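The values are calculated or read from the model by the stated rules, or taken from the named source; none is laboratory data. All values reported here derive from a predicted model rather than from experimental measurement. Quick reminder, even Gly has a Cβ in these numbers, built from the backbone with ideal geometry, and neighbours come from all protein chains shown. Areas reflect the complete protein model, heavy atoms only, side chains present, ligands, DNA and RNA absent. Shrake-Rupley method; radii C 1.70, N 1.55, O 1.52, S 1.80 Å.
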Amino acid sequence: MSTLCGELDRYLTIRRGLGYDLGTAEHILRRFTAFAEREGADLISTPLFLRWQEAFGNANRHTWSRRLGIVRLFAQWMHGLDQRHEVPPQALIPGRQRRPRPYIYSEDEIRRIVEAAAELPSINGIRALTCSTLFGLIAVTGLRVSEALSLDVADVDLEAGLVTLRRGKLGKARLLPVSDSTTARLIAYAKERDRLLGRPPKPFFVSDHGDRVTDCGARYNFAAVCQTIGLRPVEKFGRHGHGPRIHDLRHTFAVRTLVNWYRTGKDPAREMIQLTTYLGHSNPAHTYWYIEAAPELLDLASRRAEVEVRR
């Protein structure tokens, strides 16, 4: 094993100890260090990153900007240990400054996603069971993908209808109450999961082999389902292309909650702190962003403002 691979393990352990969720970062960095090992490179450099980019495969500029940022953080760590390591410049791949407008799923699209996930091929039925329940839970709670996947069996109180997030974004914990119908679905999932596995596992959401579902696995299966129902284009070589993301289920939950407040006459300014807390945002401004990101919400907010002015 190369020096880079060995230091990567230590880097990930220390950062996770500080509360960071590094599922995607670990996947990217392991591919990068594996490439470096094949190249016989013990030192990080800009040319090494560019060769890896060329060999990695096609992706848009925004994606490569994110990958560069992940590699740069690791390179900074390595440079602190050995100054011969080079930190590739951020300007190498400029990223977009504006957040992309979220895709807001219709209720019918969410239903079709869950139904298609329940038909995914599996060696024992667990993949379909897990994906349909996972996607449904994210849709009705607005959980981040990483948060849902981090849940252990002990974190889901099926009697009280409470989900405990022990380590959300930036290590923040929070309690999420879920509806009776959602609790019933989670109970059914847990019972069938344990029956198929022959034992209760530690992770709540598991793969066919009883392991915790990975971030990449969840995103891959979601993309496959979206391609199946026509939300993503069919592409060659098994690629799932561009289109609505699993994270957009979280956006949809937030937008629909806000829309419902406007339509039922509630004051979003008073209610916002509830949604901010439920979503685990560090600042209400991050929640208010949805008003600008969704045209329907912006229109409702504008109408509310006009009414207030007339008063």
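Remarks
- Cα gyration tensor, segment 1-85 - rounded (a/c under 1.5), prolate or oblate: oblate
- From the alpha carbon centroid of segment 240-271 to that of segment 163-220 is 23 Å.
- Zone of Asp180's modelled label, taken as backbone nitrogen in segment 145-161 under 14 Å from a point 7 Å along Cα→Cβ: 160-161
- Taking label points 7 Å from Cα along the Cα-to-Cβ direction, Glu115 and Gln83 give a separation of 6.5 nm.
- Surface calculation, 1.4 Å probe, protein heavy atoms: His251 sits at approximately 10 Å² accessible.
- Extended-chain gain in nm, criterion 0.36 nm per residue less alpha-carbon gap, Glu37 and Tyr220: 63.3 nm
- Table column - 3J(HN,Hα) (Hz), segment 135-146, Karplus curve with 6.51, -1.76, 1.60, x for Gly and Pro: 5, x, 5, 4, 5, 9, 10, x, 4, 5, 4, 4
- Its relative contact order, with pairs defined as Cα atoms under 8 Å and 6+ residues apart, puts segment 36-121 at 31 percent.
- Summarising the label geometry, the points placed 7 Å from Cα in the beta-carbon direction at Arg16 and Arg212 lie 0.6 nm from one another.
- For the peptides 28-37, 139-148, 186-195, the ranking by mean Cβ contacts within 10 Å, running from highest to lowest, is 139-148, 28-37, 186-195.
- Residue separation of Lys172 and Ala154 scaled by 0.36 nm, minus their Cα-Cα distance, works out to 4.7 nm of gained length.
- ³J(HN,Hα) computed for each position of segment 46-63 - Karplus, 6.51 cos²θ - 1.76 cosθ + 1.60, integer Hz, glycine/proline x: 4, x, 4, 4, 5, 5, 5, 4, 5, 7, 5, x, 6, 6, 6, 5, 4, 4
- Packing-based order for 45-57, 207-219, using average beta carbon neighbours within 10 Å, highest first: 207-219, 45-57
- Label-point separation in nm, Gln76 to Val140, each point 7 Å along Cα→Cβ: 4.1 nm
- Relative contact order (%) - criterion: Cα under 8 Å, at least six apart; region: segment 35-190: 13 percent
- Ellipsoid semi-axes in whole angstrom, largest first, where each is sqrt(5λ) of the Cα gyration tensor of segment 1-152: 35, 19, 16
- Backbone N under 11 Å from the Ala59 label point (7 Å along Cα→Cβ), restricted to segment 70-92: 70-71
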